[in-house]
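So the structure is just underneath, and the comments pick up after that.
Laboratory data are not the source of any read-out in this text; all were calculated from the coordinates shown. Quantities reported herein were computed from a predicted structural model and do not represent experimental measurements. FYI the Cβ positions are ideal-geometry reconstructions off the backbone, even for glycines, and counts take in every protein chain you see.
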Amino acid sequence: MVNSYYYNGNQYIPSTSDDSTKGFLIASAASSAIMGTLPLFGKPFERQLAKEHTRNYLYKDAFLNSLKVSGLDKKGVQIIPMELSRTLNDYALGKNAAYFPKEKVVRINTDKISIAGFHELGHAMNDITGKFGKFLSKLRWPGRIIAGWMGTIALFSRPKPKDAPKSGFDYVKDNCGKIAFACMLPTVFEEGIASYKGIKLARKSGLAESLIKNMKKLYGKALLTYIGHATATGLAVGAASMIMDKFTRPTKVKEPDFTNFFF
Ligand SMILES: [Zn+2]
């Protein structure tokens, strides 16, 4: 057999650079196909958020009042009403709202999606008064960056036989899908905690229970987007890694099996 070698009593054929190229192309295609499903997870949330524009008046006063109720105003948090902004972006259009921890401001169109504002104040609480929430929010960007690295590492070839001694990096390569998923979890938890605090704050601000119920629906859909993102990331990286393993791991040459002749 061409180029074969023995390791640990077994004969192996190493993969060729052609195999690596094929594996790379298929792995890349598979992971982008999986990541391509992401917008689906966000659809229910976007749909409801757009609907909320028409019943914003039910939430606006309670939301503006909730800044005082939460005590965040005394900590320097401000709400920036994006409906007054002269530049058109997702915040001004009421498609998005966000808390910016450095400036301690919530950018939100209070004429359209006040319902989302309680969640953003939940982020502010995580950032300013929450210990665990703050810890999680600090992990947010490093987590995303490491998950991104895992996507690259998944595409490396696996030149060692499966039973060869493993280095730390081999473990990372073998588990990159799981690591990528785990790196996305702090964001999912922090989002969940922000929503939980937001709902509590809305109640404290006097929002009617029927409106709270509607709010929970929206927040649930928002969390689904984050869960979808974490899951798709883990699966995309894991699939790429599995495909690269199939294409680039040296193949063990099976010994002829004589036992069959006796039965
Ligand atoms: Zn959020």
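Checking the cross-link pairs K102/K216; K95/K131; K134/K166; K74/K204; K131/K166 against a 26 Å limit on the alpha carbon distance flags K102/K216; K95/K131; K134/K166; K131/K166 as lying beyond it.
Helices in the chain, meaning DSSP H runs of at least 4 residues, each add -39500 (n - 2.57). Divided by all residues, the mean residue ellipticity at 222 nm is -21000 deg cm²/dmol.
Taking every DSSP bridge with both residues inside the chain, close to 70 percent are antiparallel.
A straight Cα-to-Cα reach below 15 Å connects K43 with the aspartates and glutamates E52, residues fewer than 8 places away in its own chain not being considered.
Of all lysines in the structure, the ones whose alpha carbon falls short of 23 Å from that of K22, not counting any fewer than 8 places away in one chain, are K160, K162, K173, K246, K252. Summing Lys and Arg as +1 and Asp and Glu as -1 over all other residues whose Cβ lies under 11 Å from the Cβ of N65 gives a net charge of +1. Distance check, please: which entries in K68/K213; K60/K217; K138/K213; K75/K112 exceed 20 angstrom between their Cα atoms? Violating the 20 Å limit, Cα to Cα: K68/K213; K138/K213; K75/K112.
Each Lys or Arg adds one and each Asp or Glu subtracts one; over the other residues with Cβ under 12 Å from the Cβ of K166, this totals +1. In whole angstrom, note down how far apart the Cα centers of the stretch 162-183 and the stretch 71-101 are. Each part's Cα centre sits 42 Å from the other's. Taking the charge dipole of the stretch 8-253 about its Cα centre, with +1 at Lys and Arg Cβ atoms and -1 at Asp and Glu Cβ atoms, the residue from G198, A30, F181 reaching farthest to the positive side is G198.
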